1. Starting with the fewest neighbours, write out 64, 20, 103 ranked by other beta-carbon atoms found within 10 Å of each beta-carbon.
2. Can you put 52, 77 in order of Cβ neighbours within 10 angstrom, beginning with the fewest?
3. For a quick check: sort 19, 104 by the number of other beta carbons within 10 angstrom, fewest at the front.
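What follows is calculated from the coordinates using simple rules that are stated; it is not laboratory data. No experiment lies behind these values; they were computed from the predicted model shown. With ideal geometry, Cβ positions are generated from the backbone for all residues, glycine too; neighbour counts draw on all protein chains shown.
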C-alpha cells in the first residue's frame, strides 16, 4: 500500500515546455480530426472553442503591461490570436477549414520541441528547461502575421529552427510562462 501511495509522487515532474506542448498537441489533434469530419459539427465547435481559449490566454498574457517580451513580438502574438478568432468564426460558418489553425499550432509545437536546442546560449528556457511561450514557441507562427504574410508562414520544414532563432533573439528578455 505504501508503495502505491508513493509511486505517483516518484514520477518525474513535467517541464513547462512539455506541458505547453501537450496542451497544443491535444488541441491540434482535436482540430485536425474535427476538420476531417470526425465527430461532426459538435466536435469541430468544441475543438475551436478550446483553441480560442488557448490563444485567448496567450493574448491576455502578452497584453499585460508587465510582460517583458519585445513589443514587436507581443504585437505579433496578439495579432495571431486575433487572426485565430476571426478564422475560427469563418470555420464555424462553413466559409473556411480548420487547416490553417492546425498549421499555426503545429508551428508552435515544432518550436516547443526544438527551439531550446536551436536557440543556442542565452535562450530563455527557464530553470526547468521549458521554453517561455512568448520567447520563441509562438514567434515563428506570429512571424508571418507580423510581416503581413500568411499565418502559416512559420509552419515550414525549418519552423523549429526559425522559432529557435526567435528564442535566441529574445534572450535576456524576461518572459512569462503560459502554463
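1. 64, 103, 20
2. 52, 77
3. 19, 104
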